[in-house]
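One structure is given here, and the rest of the page talks about it.
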Amino acid sequence: MKPAPMTQRRSRIPYNKPTVALKPAVTFAEQREIDPAQLAALFQQAPWAKGRSVEDAREMLANTDLTVSAWDGDQLIGFGRVLTDYVFRASIWDVIVAKGYQGRKIGTEIVQRILHHPRLKKVELFWLCTRMPGFYERLGFSSQEQTGMVWARSRQSRLE
Ligand SMILES: CC(C)(COP(=O)(O)OP(=O)(O)OC[C@H]1O[C@@H](n2cnc3c(N)ncnc32)[C@H](O)[C@@H]1OP(=O)(O)O)[C@@H](O)C(=O)NCCC(=O)NCCS
């Protein structure tokens, strides 16, 4: 039997608009302005940053050399920042990813973007202080070469 000829016909089945809105992909930014209120809210998720105020977050942002932020639309979902002389040293601080977004390589991307930032090309040594060495070892950081020491204001009164 001959196959039926192929005809181009418009489907009579009505086109249904998707009912679920597609989630925008996570985006990263080196220049984007960061709302201190959103950042302070993100900080509440980490034990070492809990209790930081919106005002202090604003002041910190104004005095930070570089930031890398991660966004889901207009929602801040990841952050990291750098203090540096742009030549010899750079320190990385406050790397954080919102709880619902962890484990999706967002933290890795933030640190990679810092290490490969065009303005940090000359920096010979990046330094950070962490309670999560495993995460940073995967990115090439080592605790073998340097020893960090910390002077914490909150501990001083106990020593006096
Ligand atoms: C630590 C943190 C920044 C990692 O970001 P993330 O986006 O969740 O991590 P990634 O998805 O990029 O993880 C990359 C790898 O590191 C591993 N990893 C993540 N957190 C880790 C940890 N605490 N210890 C050891 N390995 C860790 C992941 O399993 C993953 O391994 P894989 O490559 O085999 O899959 C994030 O979990 C976070 O914000 N935690 C709370 C805040 C905090 O304490 N930050 C540390 C600043 S010192």
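No value in this document is a laboratory result; all are computed from the given coordinates. Only a predicted model underlies this, so the values are computations on that prediction, with no experimental measurement involved. A quick note on method: Cβ atoms are made from the backbone with ideal geometry, for glycine too, and the neighbour counts reach across all protein chains shown.
Sites listed here are chymotrypsin sites (Phe, Trp or Tyr not before Pro) in the range 110-152 whose DSSP assignment is loop and whose Cβ has at most 11 other Cβ atoms within 10 Å: Trp151. Between the DSSP loop rule and a limit of at most 12 other Cβ atoms within 10 Å, which GluC sites (Glu not before Pro) in the range 21-116 are left? The qualifying sites are Glu33. Of the residues Tyr86, Pro133, Val54, the one whose Cα sits farthest toward the positive end of the charge dipole of the range 26-141, with +1 on the Cβ of Lys and Arg and -1 on the Cβ of Asp and Glu, is Pro133. Of Met149, Met60, the sequence from fewest to most neighbouring Cβ atoms within 10 angstrom is Met149, Met60. Classification of the range 80-152 by its C-alpha gyration tensor yields an oblate form. The axis ratio a/c (a ≥ b ≥ c) is 1.5 or more, and b/c is at least a/b. All other residues whose Cβ lies under 15 angstrom from that of Pro36 are scored, Lys and Arg at +1 and Asp and Glu at -1, for a net of -3.
Shape annotation for the range 26-141: C-alpha extents along the principal axes are 33, 29, 26 Å, from largest to smallest.
For the range 90-155, trypsin sites (Lys or Arg not before Pro) are listed when DSSP marks them as loop and at most 16 other Cβ atoms sit within 10 Å of their Cβ; the list is Arg104, Lys105, Lys121, Lys122, Arg131, Arg138. Summarising the strand pairing of the range 26-141, around 80 percent of its internal DSSP beta bridges are antiparallel.
The gain in end-to-end length when the Glu30 to Glu59 segment is fully stretched comes to 8.6 nm, 0.36 nm per residue minus the alpha carbon separation.
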